[in-house]
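No value in this document is a laboratory result; all are computed from the given coordinates. This is a predicted model, so every value here is computed, not measured. As a convention, Cβ positions derive from the backbone with ideal geometry for all residues, glycine included, and neighbour counts pool all protein chains shown.
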Amino acid sequence: MIIIKCKQCGQDVESKYPSRIRQFCSRECADLYRGTKVIEICINCGKEFETTRNKCCSDKCSREYRKNSGSMKKNGFWFENGYKVLYVEGNGSIKEHIKVVEENIGRKLNKNELVHHINENRLDNRLENLKLMTRGEHSSYHRKLEIEKGKHLFNRRKEGEEKW
């Protein structure tokens with residue numbers, strides 16, 4: 001008999017067979033750890049939906065819930081994928097770093113433009129940390145960084161191999 005900790009909840013788990021070590025205390029913990037979809041009820045509209053983590057069935061319901069719950073109006077912002085999103089009365093929302101740059105350049109961003117965080121901290125929205133780039137420039141910049149770190153982004157033929 002061996003004892004391990006559940007990868008999801010940390011509970012002790014006994015295993016009779018060392019060759020087949022259990023990693024989870026239950027099927028529910030295994031599903032949660034692996035991100036298996038579960039049935040939830042939308043906190044906004046009450047509709048059942050499958051999800052791995054969301055509490056609302058759609059982006060529309062999520063926006064309605066935040067608007068109706070008062071969290072957007074009360075705080076004036078929320079966080080989304082690590083970015084600070086500002087609530088704009090009557091206009092919906094805008095990511096803070098985009099608003100800072102648009103106010104600085106005096107216009108809206110074009111579809112081919114985006115704002116890069118120089119220090120890679122998505123919450124550091126000081127103008128000196130933001131750089132306006134085209135999507136191509138931004139992609140090339142990050143590709144170069146990943147190559148410098150040794151990450152290969154595409155399958156590459158080894159020297160002497162035939163073409164595919």
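Observations
- For segment 72-155, the ratio of Cα radius of gyration to the globular rule of thumb 2.2 N^0.38 Å stands at 1.27.
- Amide N proximity, segment 108-123 versus ASN91 label position 7 Å along Cα-to-Cβ, cut-off under 14 Å: 108-109
- Summarising the label geometry, the points placed 7 Å from Cα in the beta-carbon direction at LYS5 and ARG107 lie 5.5 nm from one another.
- Cα-Cα over 30 Å, subset of LYS47/LYS111; LYS47/LYS108; LYS67/LYS99; LYS95/LYS144; LYS55/LYS84: LYS47/LYS111; LYS47/LYS108
- Sorted into 5 angstrom bins from 0, the C-alpha pair distances of segment 93-141 split as 5, 22, 33, 26, 13, 1 percent.
- Summarising the label geometry, the points placed 7 Å from Cα in the beta-carbon direction at ARG27 and SER140 lie 5.4 nm from one another.
- Near the amide H of LYS95, within less than 5 Å, lie the amide hydrogens of LEU86, all on another chain or at least 5 residues away, with H placed in the peptide plane.
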